[in-house]
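I have placed the structure first, in the form of structure tokens, so that the comments after it can refer back to it.
We did not get these values from a lab; they are worked out from the coordinates using the rules stated. The structure presented is a predicted model; accordingly, all values stated were derived computationally and were not measured. Because the Cβ atoms are built from the backbone with ideal geometry, glycine has one as well, and the counts that use them run over all protein chains shown.
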Amino acid sequence: MPNELKFKLVDAFAKSPYSGNVAGVVFDADDLSDKQMQAIAAEFNASETTFVLKPTTRDAAVRFRWFAPSSEVSFCGHATIGAVHALLEDGRLPHALDEPGTILPIEFCDGILNVRTEHIEGTTQPDTIWLDMPHSEPKQTNVVVLPLTRHLGLSEDMIDTGFVPIRTHDEDIMFAVQTLPVLLEMQPNMGELARYCRKEGLRGVFVTTTNTLSRSSIVQSRFFAPAVGVDEDPVTGSAHGPLGLHLVNSGIVTMTGDRADFHCTQAKAGGRAGLVRVVVTETSDGKHVRIGGSCVTTASGTLQQTPKI
């Protein structure tokens, strides 16, 4: 272990501290074993912790691995944006601050992620960090929502049948309810929901509604993933790639020319909330999704002990 293993806690999709979704970020994690990373993620108990490692390819500037409290995950949106923010704040990617919009290639288990920064004129820190989303197309499979309703405390008549449910590449079920009160009043049975998700090979369940309080947000959503140790995630970046594409493909969001630019809200009932910017563009090779958000660091320090595993 290095003499100093630095970490930060970063609120992603947040304009102010203690909002959005917190991500742990551990720098220089190359000497940590998988079991040590898992134990540290469980100690932080954020929905995901990013471990920053040296890349194994010249095509990337850095490599990320993400761990939820109980297991490694293949991709995490908010912890990617949060880790890039932490690296920029720590002065480890200086060219990205000197040249806003520079592509930052990040290695992960499925290839390369591209991240960009957007600055407000006259500032040195990025206002928005943009992530090009991988795997936004839904899986070609029929999704049946009704078996889920009893685990979520919903009845059949609460489901918005105008929003076709989908299953995402990350193995999330995504569907809509008719009203915001129904969304906010959901009280899932986490034990039963976790057992259902494990049985069906699901990471989690993403529930949304177009019945929002503010016209500035197209939808408001909640996300439950008790099978991977996260009963409810405050803001789920990875889900907003499939969500954004599905909203456009369903005609809920209309493109202007070859582009749609809109905002989505996600919030725990009575708890943390965050705003995700979504941009869908159409090119000759299909539609592409980018999500963006702001970040705030709330804590930084040095790990004094590593797990003896």
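Structure above, values below:
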{"item": "DSSP-defined antiparallel bridges as percent of all bridges, the range 146-277, nearest 5", "result": "65"}
{"item": "Under-5 Å amide H pairs with Arg65, H placed in peptide plane, nonlocal only", "result": "Phe51, Leu53"}
{"item": "Amide hydrogen neighbours beyond the local backbone of Val253, cut-off 5 Å, H modeled", "result": "Val248"}
{"item": "Across Lys54/Lys287; Lys139/Lys199; Lys8/Lys199; Lys6/Lys308; Lys139/Lys268, pairs whose alpha-carbon gap is larger than 29 Å", "result": "Lys54/Lys287; Lys8/Lys199"}
{"item": "Stretchable slack from Thr283 to Arg58, in nm (0.36 nm times residue separation minus alpha-carbon distance)", "result": "78.3 nm"}
{"item": "Karplus 3J(HN,Hα) series, Hz, for the range 26-41 with 6.51 cos²θ - 1.76 cosθ + 1.60 (x for Gly, Pro)", "result": "10, 7, 6, 8, 4, 8, 8, 7, 4, 5, 5, 4, 4, 5, 5, 4"}
{"item": "Mean separation of Cα contacts under 8 Å, 6 or more apart, over the residue count of the chain: relative contact order %", "result": "21"}
{"item": "Amide proton proximity set for Cys295, modelled H, under 5 Å, gap of 5+", "result": "Ala14"}
{"item": "Estimated FRET transfer efficiency when R0 is 41 angstrom, pair Asp90-Glu200 (beta carbons, to 0.05)", "result": "0.55"}
{"item": "Approximate spin-label separation Thr102-Asn45, in nm, with each point projected 7 Å along Cα-to-Cβ", "result": "3.9"}
{"item": "Average projected area [Cα convex hull, the range 146-277], square nanometres", "result": "7.5"}
{"item": "For the range 155-163, 3J(HN,Hα) per residue [Karplus equation, 6.51 cos²θ - 1.76 cosθ + 1.60, θ = phi - 60°, Hz, x = Gly/Pro]", "result": "10, 4, 6, 7, 6, 8, 6, x, 9"}
{"item": "Ranked by how many other beta carbons lie within 10 Å on average, peptides 187-196, 73-82, 239-248 from highest", "result": "73-82, 239-248, 187-196"}
{"item": "Theoretical FRET efficiency, 1/(1+(r/R0)^6), r = Cβ-Cβ of Glu118 and Ser16, R0 25 Å, to 0.05", "result": "0.85"}
{"item": "Loop chymotrypsin sites (Phe, Trp or Tyr not before Pro), the range 109-183, which have at most 14 other Cβ atoms in a 10 Å radius of their Cβ (DSSP)", "result": "none"}
{"item": "For the chain, calculated [θ]222 nm from helices alone, where every DSSP H run of n ≥ 4 adds -39500 (n - 2.57)", "result": "-6000 deg cm²/dmol"}
